[in-house]
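Values in this text are rule-based calculations from the coordinates and carry no lab data. Not measured: the values here are computed from a predicted model. So basically every Cβ, Gly included, is an ideal-geometry build from the backbone, and we count neighbours across all protein chains shown.
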Amino acid sequence: MAGEPFYPPDLRYHPEHDWVRLEGELATFGVTWYAQDSLGEIVFFDPPAVGTTVTKDAPYAELESVKAVSDVIAPLSGEVVEVNAALADAPDRINASPYDEGWLVRVRIADPSEAEALLDVDAYKELLP
């Protein structure tokens, strides 16, 4: 899949292999390099609708790969304000560019203090096999 393992140091990580880019009250969610590599070729992204409320630690979307269908876990709670529409026609962007073109949703976060429980890059890497 997408080259060598890479985990941007400016992101926060959830133990279920999701990343968060915090920008004030908005957060961009995606899956990590490890997640997309484990899934294999991603062939379909089933996103939540804009306006959907997502809950930290609960599934909010599905990724379908050639191997399996997997839930995507919300790293923070809030309201979905944008879905990456480009993934409808090109879900493989998640494999090719998990942190840039392959982001999944943008969320207006409900409780900024939830971010304190997220992992920094070093703590996340320690969880990896």
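Before moving on, here are some points about what is shown:
- Derived scalar couplings ³J(HN,Hα) [the stretch 110-115; Karplus, 6.51 cos²θ - 1.76 cosθ + 1.60; whole Hz; x for Gly, Pro]: 8, 9, x, 5, 4, 5
- Residues whose amide H comes within less than 5 Å of that of S97, counting only those at least five positions distant or on another chain, are G102 (H built at 1.01 Å from N in the peptide plane).
- Averaging the sequence gap over all C-alpha pairs within less than 8 Å and six or more residues apart, then dividing by the number of residues, gives the stretch 1-102 a relative contact order of 27 percent.
- Approximating the spin labels as points 7 Å out from Cα along Cα→Cβ, the K125-to-D71 distance works out to 3.0 nm.
- In order through the stretch 52-60: 3J(HN,Hα) via Karplus (6.51 cos²θ - 1.76 cosθ + 1.60), integer Hz, x for Gly, Pro: 5, 8, 10, 10, 3, 6, 10, x, 10
- L26 versus S97: modelled label distance in nm, points set 7 Å from Cα along the beta carbon direction: 1.7
- Shape analysis of the stretch 70-129 places it in the oblate category; the axes a ≥ b ≥ c from the Cα gyration tensor give an a/c of at least 1.5, with a/b not above b/c.
- Ranked by how many other beta carbons lie within 10 Å on average, peptides 95-106, 26-37, 110-121, 7-18 from highest: 26-37, 95-106, 7-18, 110-121
- A49-A110 FRET efficiency (beta carbon distance; Förster radius 22 Å; 0.05 resolution): 0.80
- log10 of Debye I(q)/I(0), alpha-carbon scatterers only, for the chain at 0.13, 0.14, 0.16, 0.22 Å⁻¹: -0.45, -0.53, -0.71, -1.39
- Computed from backbone phi, the HN-Hα couplings of the stretch 92-109 come to 5, 4, 5, 6, 6, 8, x, 9, 10, 5, x, 4, 9, 9, 10, 10, 7, 6 Hz, rounded to whole numbers (Karplus: 6.51 cos²θ - 1.76 cosθ + 1.60, θ = phi - 60°; Gly and Pro given as x).
- Taking amide H as placed 1.01 Å from N in the peptide plane, E82 has its amide H under 5 Å from the amide H of R106, each at least 5 places away in sequence or on another chain.
- Ellipticity estimate at 222 nm from DSSP helix runs (n ≥ 4, -39,500 (n - 2.57)) divided over the chain, nearest 500: -3000 deg cm²/dmol
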